[in-house]
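Colleague: Before anything else, here's the structure in question.
The values are calculated or read from the model by the stated rules, or taken from the named source; none is laboratory data. Note that the structure is predicted; figures quoted are calculated from it, not measured. Here Cβ is always computed from backbone atoms with ideal geometry, including for glycine, and neighbour counts include all displayed protein chains.
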Amino acid sequence: MSTADAVAVIIVLAMTLYACSGLADFGAGLWDLAAGGRAAGRQRRALIDAAVTPVWEVNHMWLIFMLILCWTAFGTAFAAIMTALFVPLTLAAVGIVLRGAGFAVRKDAARSGARHLAGWLFGAGALITPFCLGYTLGTLMTGGVAPGGTGPAPVTATAVLTGLLAVATGAFVAAGYLTAEAGRRGLPVLADWFRVRARIAGGAGLLAGVAALTALRFDQRRMFDLLVGRGWPLLALGVLALGATFWLAAPGRRRGLRPAAVTGVAALVCAWAVAQYPYLLPFGLTIEQGAGAPATMRWVLVWFAVAVLLVGPALVLAYTLDQRDRLAEES
Amino acid sequence: MSSLTALAGPILAEPAQLLPARQQMAFTLMFHIIFVPIGVALPALMLIAEYKGLRRGDEVASRLARRWSHVAALTFAVGAASGTVLSFEMGLLWPGLTGRFGEVFGIPFAMEGVAFFLEAILMAVYIYGWRRLSPRAHFLLGLPIPFVALAGTFSIISANAWMNTPSGFTVAADGTITDIDPGAAIFTDALPYELAHFVPAAYMAAGFTVASVYVVGWLRGRRDRYHRLGILIPLTVAAIATPLQLVSGDLAAAGVLADQPAKFAAMEVVTEPGTHQPEILFGRYDSATNTVAGGVRIPGLDSWLAGGSTDTAVPGLSQFPADERPSNVNIVHWAFDVMVGIGTLLFLLVVWFAVAYWRRRDVPQSRPFLYAAAGAGVLTYVAIEAGWIVTEVGRQPWVVYGHLRTEDAVTRADGVWVSFTVIVLLYTVVGAATVAALRAMSRRWRRDDETPDDAVPYGPRPAVPR
Ligand code: HDD
Ligand code: HEM
Ligand code: HEM
């Protein structure tokens, strides 16, 4: 494996972590939006706040790493993607601000009117960003981004459906996590509410996934063949794991739900990565062709090692303190 | 809007995307920079207050530390969201920059990401550790935060310094970039003076801003220990940073003179190169005739400031081809004068504070002092924004000095005016919401002095009502 391949693996890793965590945060935002009126939705929203509040900032970092690594290691591809997908990626950034700021600020907005408005903004961001990021991935798969191109990428059914798939996946995983969270806290009514939502989102996701795959067959046959040819074990694993999540969301069973969901999403991301290898921009630019200078690649690998050594212990520390109940819950 | 048309003047022949892209970049950066000093320097203030609380068993100091940590968390979150937009914009607006030079200067951004990650985690532990960690353990876990913040500052300033004094690569005859050395790209000529000038700026901004909040309370008659400490701790920090800031500003000016002569000429509106240059305060530069109208002239001072003697030769705008002069000399020059003017005023304020404190060991009683101190936070921010305008607009027409022109870096995608408009609207809402949230926090604190600590965007799970 060349250093460029290794850096590409790190980027896919960041993407996977983001898909498992950040995407679910957006899904939680959707459920916040759909939680119902002020009185009825209060407890649901409180659970969502409680579950997402501690982690969204950290979850969000994976996306930033992904962006920075892309332009550092694969500048040509980064520039081409950002140019061809200017509109969806601008919208994704807008959605992130809506979500991040709206969410951070909402807790302190005193009047409930402002709180409600912030909730709506947060919700809008939760829809826009995953859709646009999924759309980007779909466009990439259909070969819509040409190296050195200056125009917008063509709109394809695959891209739109992949966007919807991303939204549905986020919503599904979030509802699953929230079911488990409600169970852990002994709130069965809430658990039921999220369980039903998980079922709905899971069904929608399955439909979107099948539709996206079908569209891909027409939009870009070569990628379709690679995905089902080379990527099928991972696709199968993904579908199985997400099916297991669906099943594990039943009352009384909550162990293993999170690992199943994470496995499912990760397998789907990896299926794409495996299918697309060795291309950065299918089918015009390979990883080797698009890679930055070897010196830069070595720096990125060293950086990665140092980052793991620094961030790992800090995460362990925070997690241990949390588990030992040293980080206080306020009543 | 007049600045828009002023900017449009000299660059009409350039790609249509250039103007909105520059406006959008400038706007989003200038928004982001508001949160940066708080994220960099407020942790230090809160740790000083916590230390005081620990050593003396001072309940008031501990309460201040706690509240400042909440403010730091809120601004950190908004800073993170706006910083993400910047990361997108590096590609959305400037694909010519990241596409071509990303491999050279990307590493500092990656380092910055790790620093922010660590800061986010440590802040979470700090904020949620107030109740159950032993006070000592809590303080020790907080201690690394200011240093991690400095590491982040180092990285991002390193990236900017590289844009001003690029190195770590060579451009081959055919235009390809070779001999890439990311290590050399991290440590460039401008890094020492930009870093030495930015860190005290962050401490000044946080210090004066926090102090001015309590000064306003003090002026309204809330003259208790809580407000006294809330003024004295941050004001002392700012008082230490301010003289350093003037010294490092002088170093920065000398550095710019050596590294970016055209920027220096624009900063000081020097029209013709030569010795015995006057210092011109404000005035109007006319790029067509290369003359300055109006303004106050102090003979010889510019040369003297630049090199310690009026015989120092200073570069002038006329020595650069017209298309290599900063596209808006007036903005650069006025911004420079505003920054230096504010720096001088704040220095006088600090001297006043030092003398008054030395005599009475208390918050100075004089009303004029208090009014000035109440405005110092805003003034520092104006100086910071102005300083960045000097650096960024003064570098024009280059985005990578001497190597890549801004018009060659800009995107060719359509719709930049639209994205710029959307982002201005969005940031207006977000900015207003942030201010509303901070005010709600402060109201809540005034109402009930014992705060529940669950109103922050990080940390473990707060309780869910049943
Ligand atoms: C607290 C705010 C503040 C104050 C009081 C000053 N500055 Fe400043 N200045 C900044 C905040 C700042 C800044 C925002 O932090 C900049 C932008 C880029 C940088 O590194 O620092 C800056 C940039 C900057 C530059 C351009 C550096 C470059 O382009 O690389 C020069 C030459 C000076 N400053 C000089 C001065 C002088 C001579 C001052 C005082 C008498 C002064 N500054 C006061
Ligand atoms: C690492 C730090 C920074 C980087 C990498 C950076 C990068 C850039 C880039 C790529 C541009 C557009 C190209 C150009 O017009 O030159 C730009 C412009 C600009 N930046 Fe920075 N910037 C940094 C820090 C800042 C900060 C903190 C501010 C201040 C608030 C700032 C203010 C501006 C302004 C005002 C412009 C517009 C210049 C013009 O249009 O004439 N920059 N910067
Ligand atoms: C082109 C320029 C810039 C880019 C791309 C950028 C990027 C970012 C990103 C991605 C974040 C979020 C990190 C997180 O999630 O925690 C962030 C936050 C932050 N940035 Fe920037 N940034 C830029 C300019 C600057 C400058 C010039 C400074 C000055 C030192 C700075 C200091 C900070 C700090 C301290 C934070 C943490 C949030 C806070 O404390 O408010 N950034 N930035």
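Colleague: May I ask you to list pairs of residues, at least six apart or on different chains, whose Cβ atoms are under 6 Å apart, with the first in the range B:403-428 being within 30 Å of residue B:176 (Cβ to Cβ) and in contact (Cβ under 8 Å) with a residue 24 or more places away in the chain and the second being among the aliphatic types (A, V, I, L, M) and buried (at least 16 other Cβ atoms within 10 Å of the Cβ)?
Modeller: B:406/B:399; B:407/B:18; B:409/B:97; B:409/B:399; B:410/B:18; B:410/B:21; B:411/B:93; B:416/B:21
Colleague: Taking residue A:87 as meeting all but one of (1) closer than 24 Å to residue B:433 by Cβ; (2) facing chain B (nearest Cβ under 7 Å), write down the number of the exception.
Modeller: (1)
Colleague: Can you tell me which of A:243, A:312, A:256, A:229 is surrounded by fewer than 17 Cβ atoms within 10 Å (Cβ to Cβ) and on the phi > 0 side of the Ramachandran plot?
Modeller: Checking each option against the conditions leaves just A:256.
Colleague: So residue B:439 ticks every box in (1) away from ligand 3 (no atom under 15 Å from the Cβ); (2) more than 11 Å from every other protein chain (Cβ to nearest Cβ); (3) among the basic types (Lys, Arg) but one. Which box is left unticked?
Modeller: All conditions are met except number (2).
Colleague: Would you pick out the residues in the range B:400-422 that are surrounded by 15 or more Cβ atoms within 10 Å (Cβ to Cβ), in a helix (DSSP H, G or I) and more than 7 Å from chain A (Cβ to nearest Cβ)?
Modeller: Hits for the range B:400-422 are B:406, B:407, B:408, B:409, B:416, B:417, B:420.
Colleague: Can you report the number of residues in the range B:288-310 which are among the charged types (D, E, K, R) and either surrounded by 17 or more Cβ atoms within 10 Å (Cβ to Cβ) or closer than 16 Å to residue B:249 by Cβ (or both)?
Modeller: 1
Colleague: Restricting attention to the range B:86-120, report how many residues are part of a helix (DSSP H, G or I) and more than 8 Å from ligand 3 (Cβ to nearest atom).
Modeller: In the first step, residues of the range B:86-120 are kept if they are part of a helix (DSSP H, G or I); the result is B:86-92, B:95-105, B:107-120.
Those still in the list that are more than 8 Å from ligand 3 (Cβ to nearest atom) too: B:88, B:91-92, B:95-105, B:107-108, B:110-111, B:114-115, B:118.
Total meeting the criteria: 21.
Colleague: Say we look at the range B:390-422 and pick out the residues that are more than 14 Å from ligand 1 (Cβ to nearest atom) and of a type in the set (Phe, Trp, Tyr); which of these is nearest to the chain's Cα centre (by Cα)?
Modeller: So, considering only residues that are more than 14 Å from ligand 1 (Cβ to nearest atom) and of a type in the set (Phe, Trp, Tyr), the one nearest to the chain's Cα centre (by Cα) is B:420.
Colleague: Also, quick follow-up: Condition (residue is farther than 29 Å from residue B:192 by Cβ, at the interface with chain A (Cβ under 7 Å from one of its Cβ atoms) and among the aliphatic types (A, V, I, L, M)) applied to the range B:96-117: is it met by at least one residue?
Modeller: no
Colleague: Out of all the residues in the range A:215-224, is one or more in a helix (DSSP H, G or I) and in contact with a Pro (Cβ under 7 Å, 6 or more places away or on another chain)? Don't jump to the end; show me each part of the working.
Modeller: Taking the range A:215-224 as the starting set, the residues that turn out to be in a helix (DSSP H, G or I) are A:215-219, A:221-224.
Within this subset, residues satisfying the condition of being in contact with a Pro (Cβ under 7 Å, 6 or more places away or on another chain) are A:223.
The answer is yes, given that some residue of the range A:215-224 is in a helix (DSSP H, G or I) and in contact with a Pro (Cβ under 7 Å, 6 or more places away or on another chain).
Colleague: Taking the criterion of being at negative phi, at pLDDT 95 or above and within 16 Å of ligand 3 (Cβ to nearest atom), would at least one residue in the range B:369-379 satisfy it?
Modeller: No, the conditions are met nowhere in the range B:369-379.
Colleague: Looking only at the range A:33-63, which residues are out of contact with any Asp or Glu (no Cβ under 9 Å at 6 or more places or on another chain), within 30 Å of residue A:10 (Cα to Cα) and at pLDDT 75 or above?
Modeller: Looking only at the range A:33-63, we keep the residues that are out of contact with any Asp or Glu (no Cβ under 9 Å at 6 or more places or on another chain), and these are A:33-40, A:42-43, A:46, A:57-58, A:61-63.
Narrowing the set further to residues that are within 30 Å of residue A:10 (Cα to Cα) leaves A:57-58, A:61-63.
Listed by number, the residues that qualify are A:58, A:61, A:62, A:63.
Colleague: Say whether the condition of being touching a helix residue (DSSP H, G or I) at 6+ places or on another chain (Cβ under 9 Å) and buried (at least 23 other Cβ atoms within 10 Å of the Cβ) is met by at least one residue in the range B:172-183.
Modeller: Yes, there is a match, as at least one residue in the range B:172-183 is touching a helix residue (DSSP H, G or I) at 6+ places or on another chain (Cβ under 9 Å) and buried (at least 23 other Cβ atoms within 10 Å of the Cβ).
Colleague: A further question follows. If you check residue B:63 against the conditions, is it more than 14 Å from chain A (Cβ to nearest Cβ), of a type outside the set (Gly, Ala, Ser) and out of contact with any Lys or Arg (no Cβ under 9 Å at 6 or more places or on another chain)?
Modeller: Considered against the rule, which asks whether it is more than 14 Å from chain A (Cβ to nearest Cβ), of a type outside the set (Gly, Ala, Ser) and out of contact with any Lys or Arg (no Cβ under 9 Å at 6 or more places or on another chain), residue B:63 comes out as yes.
Colleague: Would it be correct to say that residue B:69 is part of a helix (DSSP H, G or I), crowded, with 23+ Cβ neighbours inside 10 Å and within 12 Å of chain A (Cβ to nearest Cβ)?
Modeller: Details: part of a helix (DSSP H, G or I): yes; crowded, with 23+ Cβ neighbours inside 10 Å: yes; within 12 Å of chain A (Cβ to nearest Cβ): no.
No.
Colleague: Across the range B:304-349, what is the number of residues that are closer than 26 Å to residue B:384 by Cα and within 16 Å of ligand 2 (Cβ to nearest atom)?
Modeller: Total meeting the criteria: 16.
Colleague: For residues that are assigned to a helix (DSSP H, G or I) and either surrounded by fewer than 21 Cβ atoms within 10 Å (Cβ to Cβ) or on the phi > 0 side of the Ramachandran plot (or both), scanning just the range A:51-61, find the one that is nearest to the other protein chains (Cβ to nearest Cβ).
Modeller: A:58
Colleague: For the range B:133-173, what are the residues that are within 13 Å of chain A (Cβ to nearest Cβ) and either of a type in the set (Ser, Thr, Tyr) or in a loop (DSSP other than H, G, I, E, B) (or both)?
Modeller: Correct list: B:133, B:134, B:155, B:168, B:169, B:170, B:172.
Colleague: Still on this structure, please answer the following. Which condition breaks for residue B:165 when tested against (1) within 21 Å of residue B:96 (Cα to Cα); (2) surrounded by fewer than 18 Cβ atoms within 10 Å (Cβ to Cβ); (3) among the hydroxyl-bearing types (Ser, Thr, Tyr)?
Modeller: (2)
Colleague: Still on this structure: Check residue A:250 against each of (1) in contact (Cβ under 8 Å) with a residue 24 or more places away in the chain; (2) part of a helix (DSSP H, G or I) and name the one condition it does not meet.
Modeller: (2)
Colleague: Since residue B:89 meets every condition but one in (1) under 21 Å from the mean Cα position of the chain (by Cα); (2) closer than 25 Å to residue B:438 by Cα; (3) away from ligand 1 (no atom under 16 Å from the Cβ); (4) at pLDDT 90 or above, which condition does it not meet?
Modeller: (2)
Colleague: Please go through (1) within 11 Å of chain A (Cβ to nearest Cβ); (2) within 23 Å of the chain's Cα centre (by Cα); (3) away from ligand 2 (no atom under 13 Å from the Cβ) for residue B:377 and return the number of the only condition it doesn't satisfy.
Modeller: Among (1) within 11 Å of chain A (Cβ to nearest Cβ); (2) within 23 Å of the chain's Cα centre (by Cα); (3) away from ligand 2 (no atom under 13 Å from the Cβ), residue B:377 violates only (1).
Colleague: Here's something else I'd like to know. Pick out the one residue from B:202, B:258, B:252, B:206 that is within 16 Å of ligand 2 (Cβ to nearest atom), over 23 Å from residue B:51 (Cα atoms) and among the small types (Gly, Ala, Ser). Steps first, please.
Modeller: Numbers: B:202 fails: over 23 Å from residue B:51 (Cα atoms); B:258 fails: within 16 Å of ligand 2 (Cβ to nearest atom); B:206 fails: over 23 Å from residue B:51 (Cα atoms).
So the residue among B:202, B:258, B:252, B:206 that is within 16 Å of ligand 2 (Cβ to nearest atom), over 23 Å from residue B:51 (Cα atoms) and among the small types (Gly, Ala, Ser) is B:252.
Colleague: All but one of (1) of a type outside the set (A, V, I, L, M, F, W, C); (2) within 30 Å of residue B:162 (Cβ to Cβ); (3) surrounded by fewer than 24 Cβ atoms within 10 Å (Cβ to Cβ) hold for residue B:222, so report the exception by its number.
Modeller: Tallying (1) of a type outside the set (A, V, I, L, M, F, W, C); (2) within 30 Å of residue B:162 (Cβ to Cβ); (3) surrounded by fewer than 24 Cβ atoms within 10 Å (Cβ to Cβ), residue B:222 fails exactly one: (2).
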